[in-house]
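Below you'll find the structure, written out as structure tokens, and then a few comments.
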Amino acid sequence: MLSAVKSTVSVQRLEGIHTQQSQIRDIDARHVANDDDLLAEIGYKAELKRTFSTFQIFGIAYSIMGLLPSIASTAGIGLTAGASGLVWSWFVAGFFILLIGIGMSELSSAIPTSGGLYYWTHYYAPEKYRIPVSFVIGLSNTMALCSGLCSINYGFAQEVTAAVFINSDNTFEITQPRLYGIFAACTVSHILITSLSSKHISYLQSTSIVCNTGLIVLYFIALPVGTAKNSSFNGGKFIFGNLGNFESWTTGWQFMLSMMTCVWTIGSFDSCVHMSEEAKNASRGVPAGIIGSIFVCWVVGWFICICTAACMSSDVGAVLDTETGFAMAQIVYDSLGKRWAVAMMSLMAFCQWLMGASILAALSRQVWAFARDDGLPFCSFVKVVNKKLRVPIRAVWFGGILALIIGCLTFAGSTAASALFSLAVSGNYLAWGTPIFLRLTSGKSRFRPGPFYLGKISEAVNWVVCLWIVFIIILCMFPTGTTVDETTMNYTVVISCGTWLLSILYFYVYKYKNYHGPASNLADPAEEAVESVDNSYEVTEKV
């Protein structure tokens with residue numbers, strides 16, 4: 001009897017979810033006059049100020065990728081396959097990441113909205129699974145961006161402590177509380193700076209482009225000059241030839257794992273999507289920002305890897321086992337000496353700080369959009385936009401505080417801390433791949449391309465993207481070596497899968513009552529007509 005009652009309740013719950021789902025709108029980006037009209041067709045009123053040019057949209061992704069600081073943070077992963085492993089794994093992974101960007105650009109050109117990934121998932125998914133799947137994707141994307149902020153700011157803390165360690169002649173003790181303290185201070189500063197107006201945040205992206213590009217140019221000049229003066233260059237075979245292996249996996253698989261340097265660095269380009277409702281000419285500007293940032297970072301990053309391989313010590317093992325805990329710090333120190341190494345690491349840390357500010361801006365827009373559709377806890381509080389600045393300040397604080405909480409994972413040790421890097425990858429790749437896959441399958445008849453579209457080869461490119469995304473999700477969950485214990489375990493598989501399973505459970509236990517998919521916040525036409533009449537009456541009365 002009890003089981004029958006439970007079964008009836010479950011059926012009623014599923015039927016309730018199905019009957020209350022949001023309306024699927026008819027969207028065609030090619031036949032809309034302007035950005036706000038297209039946004040209205042998508043189902044939302046314009047609440048944020050459109051201040052971001054195409055260059056600044058490119059800038060927010062370019063800033064988050066922060067080439068040199070990001071490569072510095074993850075060079076130790078790439079070098080586990082040797083210097084040539086770092087060089088070639090970057091080149092191979094970068095090509096496939098560019099294809100992901102193309103697939104995402106087609107979706108963003110067709111439906112440019114800050115909710116992006118979970119909105120597209122809801123739009124193209126089968127009717128029966130539309131709401132729960134879009135909820136999981138929205139939560140996964142939010143958690144991944146929070147983890148991305150954590151990993152960027154933790155990298156900042158490592159760069160700062162490495163610079164202090166070198167400057168102290170190896171007497172400074174790098175401890176986990178000190179690292180977290182710097183991480184927390186960095187995150188709080190980002191919360192404060194990102195609460196400014198969209199105009200100021202857009203200027204910050206321009207500043208970040210200049211600073212990151214200037215740092216790369218300095219690196220290309222200073223490192224070879226220092227190497228020529230204090231050491232000697234490595235030969236072509238060391239740079240492009242035989243792969244190395246400094247872990248217990250086979251050489252081939254270690255090469256695959258070394259791709260994570262590129263995968264983590266050229267990531268979070270969905271930030272362009274989350275800024276869609278602040279972008280001018282979003283259907284063209286957002287795709288240009290996505291593809292442009294990926295392509296520039298792929299090519300320039302490859303040359304950074306080549307320069308690094310040419311100038312580093314030929315004893316890769318010693319570089320990986322450096323007392324600074326930071327492989328790039330040792331490479332710079334070997335080539336430039338103490339004073340220049342401290343200066344270079346300080347500049348990298350500053351650019352890393354700019355990266356964190358940019359990703360929090362993108363994260364807050366994803367949080368705001370998901371809260372606007374009642375997808376997050378405390379959504380009625382979080383989705384409020386500051387009317388004066390036209391910035392979702394509460395979403396900024398929500399994302400920043402969540403990052404501070406997730407960052408406590410670093411106290412579990414360096415292995416758990418490294419999971420922050422992989423967690424950002426797994427969560428984002430699931431969120432990127434799901435709408436692309438659904439667009440090819442259940443949503444094929446619903447897809448109407450925007451101004452950016454590959455045409456006949458689009459489908460083939462996107463199927464390759466789906467296969468690559470599945471491969472990377474599996475790859476980022478592998479431990480560093482074949483012997484696994486509590487210190488070498490890759491906790492990404494636990495955290496990522498746990499997040500996905502708990503989000504499904506949370507939805508069916510509670511959130512199904514509130515989240516019905518992307519919900520239009522446009523006024524009903526009848527209500528608008530009544531409001532218009534009332535306003536006219538008030539004006540007449542005053543006259």
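The values are calculated or read from the model by the stated rules, or taken from the named source; none is laboratory data. Quick caveat: nothing in here was measured; it's all calculated off a predicted structure. Every residue, glycine as well, gets a Cβ built from its backbone with ideal geometry; the counts of neighbours run over all protein chains shown. Areas reflect the complete protein model, heavy atoms only, side chains present, ligands, DNA and RNA absent. Shrake-Rupley method; radii C 1.70, N 1.55, O 1.52, S 1.80 Å.
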Sparse-neighbourhood loop hits (GluC sites (Glu not before Pro), the stretch 261-363; DSSP loop; Cβ within 10 Å at most 15 others) -> 323
Tell me, what is the Rg over Rh of the chain, with Rh the Kirkwood radius over Cα pairs?
1.00
With a probe of 1.4 Å, find how much accessible area the chain has per residue, and write the answer as a whole number in Å².
40
Loop-only GluC sites (Glu not before Pro) in the stretch 102-171, please: DSSP not H, G, I, E or B, and at most 14 other Cβ atoms within 10 Å.
127
What spacing in nm lies between the two simple spin-label points modelled at residue 178 and residue 240, each 7 Å away from Cα in the Cβ direction?
4.2
Given a 1.4 Å probe and every protein chain left where it sits, what share in percent of the accessible area of the chain is carbon and sulfur?
64
Around residue 80: net Lys/Arg minus Asp/Glu count, Cβ-Cβ under 13 Å:
-2
Per residue of the stretch 394-408, in order, report the coupling 6.51 cos²θ - 1.76 cosθ + 1.60 (Karplus, θ = phi - 60°) as ³J(HN,Hα) in whole Hz, putting x for Gly and Pro.
5, 5, 4, 5, 4, x, x, 5, 4, 5, 4, 5, 4, x, 4
Rounded to the nearest 0.05, FRET efficiency between residue 464 and residue 321 (Cβ-Cβ, R0 60 Å) equals 0.95
Give the longest segment of the chain that steers clear of trypsin sites (Lys or Arg not before Pro) in DSSP loops with at most 10 neighbouring Cβ atoms within 10 Å, not counting the sites themselves.
1-386
Show that you can apply the helix-only estimate: for the chain, add -39,500 (n - 2.57) for every DSSP H stretch of four or more residues, divide by all residues, and state [θ] at 222 nm to the nearest 500.
-23500 deg cm²/dmol
For the charge dipole of the chain, defined by +1 on Lys and Arg C-beta atoms and -1 on Asp and Glu C-beta atoms about the Cα centroid, which residue among 230, 209, 468 has the Cα displaced farthest towards the positive pole?
209
Where the Cα atoms of the stretch 234-373 are projected onto their three principal axes, how long is each span, largest first, in whole Å?
52, 37, 25
Give the long-range amide H neighbours of residue 391: residues separated by 5 or more places, or on another chain, with amide H under 5 Å away, using H modelled in the peptide plane at 1.01 Å from N.
386
Can you tell me how much longer the chain between residue 31 and residue 471 gets when fully stretched, taken as 0.36 nm per residue apart minus their C-alpha distance, in nm with one decimal?
154.7 nm
Can you pick out the pairs among 128/513; 280/388; 280/387; 49/383; 128/280 whose Cα atoms lie more than 25 Å from each other?
128/280
Just to verify a number: FRET efficiency for residue 295 and residue 171, C-beta to C-beta distance, R0 = 45 Å, to 0.05?
0.55
Taking r as the C-beta separation of residue 213 and residue 509 and R0 as 35 Å, the FRET efficiency to the nearest 0.05 is 0.10
Considering the dipole of the chain built from charges on the beta carbon (Lys and Arg +1, Asp and Glu -1) around the Cα centre, which of 337, 86, 38 is farthest to its positive end?
38
Unit Cα scatterers, Debye sum, the stretch 117-246: log10 I(q)/I(0) for q = 0.10, 0.13, 0.14, 0.20 Å⁻¹:
-0.66, -0.97, -1.04, -1.21
Dimensionless Rg over Rh [the stretch 219-311; C-alpha; Kirkwood]
1.12
Ignoring ligands and nucleic acids, what accessible area does residue 324 show with a 1.4 Å probe (Å², nearest 10)?
10
At 0.36 nm per residue, and after removing the present C-alpha to C-alpha distance, how many nm does the segment from residue 501 to residue 408 gain when stretched out fully?
31.3 nm
Multiply the residue separation of residue 456 and residue 95 by 0.36 nm, subtract the distance between their alpha-carbon atoms, and state the gained length in nm to one decimal.
128.0 nm
Let me spell out the model: positive unit charges on the Cβ of Lys and Arg, negative unit charges on the Cβ of Asp and Glu, origin at the Cα centre of the stretch 100-199. What dipole size does that give, in debye rounded to 20?
360
Using θ = phi - 60° and the Karplus relation 6.51 cos²θ - 1.76 cosθ + 1.60, list the HN-Hα couplings for the stretch 296-307 in order, rounded to whole Hz, with x at every Gly or Pro.
4, 5, 4, 5, 5, x, 5, 5, 4, 4, 5, 4
